[in-house]
Structures are given as structure tokens and as C-alpha cells.
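Participant: This is the structure I want to talk about, given as C-alpha cells.
The values are calculated or read from the model by the stated rules, or taken from the named source; none is laboratory data. Quick caveat: nothing in here was measured; it's all calculated off a predicted structure. No Cβ is skipped: glycine too gets one built from the backbone with ideal geometry, and neighbour counts run over all protein chains shown.
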Amino acid sequence: MGSTFENGSVPEPHLATVPAAGTRAWQRAPEAEALSYDQNDHAHQADPLRRARLRWRARRGLLENDLFLQRFFDRYEHDLSDQDVAGLTRLLDLTDNDLMDLLLGRREPDGELAVPEVTRVLGRLREA
């Protein structure tokens, strides 16, 4: 038998949930908006929730990667454009070991990663 929330609703496992403001009940999260690079280059900066989600997603299994990413966010978080976020997201899609190789300069971005936004963010990660 499935569980229910305090308000009696049944959780839907395929939907993200967030607490409703001022209550203990849970409700569906609004759909994530698609990034639009040509409309507003600073949309990421306008939303503290999006910045917090990106920081949370950047948590890694390797401490060394976490240290690189923590210093990067401490130094550049408020300067990131949506294109920078897109480049960082592509890097975060890598396995921990592949990301570490890029961060330490053991290899350079190639193939789908050889794009300006990834290269720019990688350079910032390396100098942070």
C-alpha cells in the first residue's frame, strides 16, 4: 500500500515535489523552464532557487572535484551567464574521473565538449 502526505494526497514518484509556502503539505513543483540564451543572458542569476539547484547538482563523489567546484562557485557564482551554466552542466554530466582528468589538465575537451561555453567554464574551474 502506498504512502500518503499529511493532506491526504498520494505522492507521484515521477514528479518533483516542493513544500508549499507556509505549510507542511507538499505540492507539485512548477515545470522547469527551458533556458533561452537569446532572450535574457542573466536569467540564471535572477533566480536564487536555480543557483541553489546548480550548487547541489555540482556535489561530486570525489573530494578533489568538490574542492574545485566549491572554489569555482565561491569565486564565480554571481558572474555566471546562462551560457556558462550550460557549459558547467555539460561538465557535470561527466563521470567523476573524466571530470577530474579535465580539471587537472590530463586531457582537453574533445568531441561534443569542444565548445566555447565548456572551454570558458573549464578555464575558470582550473584557475579557481
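Participant: Suppose we filter Leu94, Leu99, Leu103 for residues that are out of contact with any Lys or Arg (no Cβ under 8 Å at 6 or more places or on another chain) and in the same structural domain as Arg60 (by TED's automatic domain parsing); which single one remains?
Facilitator: Residue meeting the stated conditions: Leu94.
Participant: Go through the stretch 89-128 and count every residue that is small (Gly, Ala, Ser) and closer than 23 Å to Asp79 by Cα.
Facilitator: 3
Participant: Of all residues in the stretch 77-103 being under 16 Å from Arg57 (Cα atoms) and not in a helix (DSSP H, G or I), which is farthest from the chain's Cα centre (by Cα)?
Facilitator: It comes out as Thr95.
Participant: While we're on this one: If I ask for residues that are surrounded by 13 or more Cβ atoms within 10 Å (Cβ to Cβ) and either modelled with pLDDT under 85 or under 13 Å from Leu125 (Cβ atoms) (or both), which ones from the stretch 58-74 would you list?
Facilitator: Scanning the stretch 58-74 gives Ala58, Arg60, Glu64, Asn65, Asp66, Leu67, Phe68, Leu69, Gln70, Arg71, Phe72, Phe73.
Participant: So, in the stretch 104-128, exactly how many residues are more than 17 Å from Arg55 (Cβ to Cβ) and assigned to a helix (DSSP H, G or I)?
Facilitator: 12
Participant: Here's another thing I want to ask about it. Within the bounds of the stretch 30-43, is there any residue that is within 30 Å of Glu127 (Cα to Cα), at pLDDT 50 or above and surrounded by 14 or more Cβ atoms within 10 Å (Cβ to Cβ)?
Facilitator: Yes, there is a match, as at least one residue in the stretch 30-43 is within 30 Å of Glu127 (Cα to Cα), at pLDDT 50 or above and surrounded by 14 or more Cβ atoms within 10 Å (Cβ to Cβ).
Participant: On to the next question. Test each condition in (1) surrounded by 17 or more Cβ atoms within 10 Å (Cβ to Cβ); (2) in contact (Cβ under 8 Å) with a residue 60 or more places away in the chain for Ala128 and report the one that comes out false.
Facilitator: For Ala128, the failing item is (1).
Participant: If you go through the stretch 78-95, how many residues are under 19 Å from Glu127 (Cα atoms), modelled with pLDDT of 90 or more and charged (D, E, K, R)?
Facilitator: Going through the stretch 78-95 one residue at a time, the tally reaches 2.
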